[in-house]
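Please treat every number below as a calculation from the coordinates, not as lab data. Just so it is clear, the structure is predicted and the values come from calculations on it, not from any experiment. Neighbour counts run over all protein chains shown; Cβ positions are idealised from the backbone, glycine included.
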Amino acid sequence: MNIINEQIRGFLEEPDMIAALSNISALINMSYDNLNWAGFYFVRNGELVLGPFQGKPACTHIPFDKGVCGKTYRTKETQLVDDVLQVPDHIACDSASRSELCVPVIVNGECIMEIDIDAPIPSRFDECIKKEMEQAAEDIASAYVSHLWKL
Ligand code: SME
């Protein structure tokens, strides 16, 4: 287990969901260089709603049929976008964003939240970060179940 996933597991011992995810967004933001946004979107009332994050203020509500985050919800698969300018319905919360990694958190076969990370340079994200964030998503899903979190 690498250091960032170990640290994330440590933060997931915190029983309050907002407190735990706030620290995890800060940890992600400080652990990787060249990021301009790192945070969470929650699935609430048929849409994605902004959760704890680090970075500039961002879109508060995203419909399931829009953007990289909407595609992550629909496919239940990680979206690794090397160049957001090539994604016609990409939602630019920060015009500096050039690449993006969005990972679904799956509980009982449903996407319940997403980890979303933006970078101000193209092709920032590789298989290594993707695997680390997919491990983080699995650990968050386990914590969600064991702490009886609600969205
Ligand atoms: N770029 C995302 C929107 C969320 S922000 O990046 C924080 C999208 O296209 O869905």
Could you count how many Lys pairs in the chain have their Cα atoms under 20 Å apart, skipping same-chain pairs fewer than 8 positions apart?
-> 6
How far, in nm, would the chain grow between N45 and H61 when pulled straight, counting 0.36 nm per residue and subtracting the alpha carbon separation?
-> 4.7 nm
Cα-centred dipole magnitude for the chain, charges only on beta-carbon of K, R (+1) and D, E (-1), debye, nearest 20 = 300 debye
Sort the stretch 1-79 into rounded, prolate or oblate with this rule: let a ≥ b ≥ c be the square roots of the eigenvalues of the Cα gyration tensor; rounded if a/c is under 1.5, and if a/c is not under 1.5, prolate when a/b is larger than b/c, oblate otherwise.
-> prolate
Percent of Cα-Cα distances greater than 14 Å, calculated over the stretch 83-151 = 63 percent
Farthest toward the dipole's positive end in the chain, which of I115, A38, I91, given Cβ charges of +1 (Lys, Arg) and -1 (Asp, Glu) about the Cα centre?
-> I91
quick note, the chain, DSSP beta bridge pairs, % antiparallel (nearest 5) is 100 percent
Radius 15 Å from Cβ of N29, net charge of other residues (Lys, Arg +1; Asp, Glu -1) | -4
Would you calculate the volume per residue, in Å³, of the smallest convex hull containing every Cα atom of the chain?
-> 98 Å³
One finds, for M1 and L151 with R0 = 25 angstrom and r their Cβ-Cβ distance, a FRET efficiency to the nearest 0.05 of 0.40
For I121, other-chain or 5+-apart residues with amide H closer than 5 Å (H placed, Pro excluded) are R98, S99
Proximal charge balance of D118 [Cβ under 14 Å; K/R count +1, D/E count -1] = -4
Label model pair S142, C128: point-to-point distance (7 angstrom along the Cα→beta-carbon line) in nm is 2.3 nm
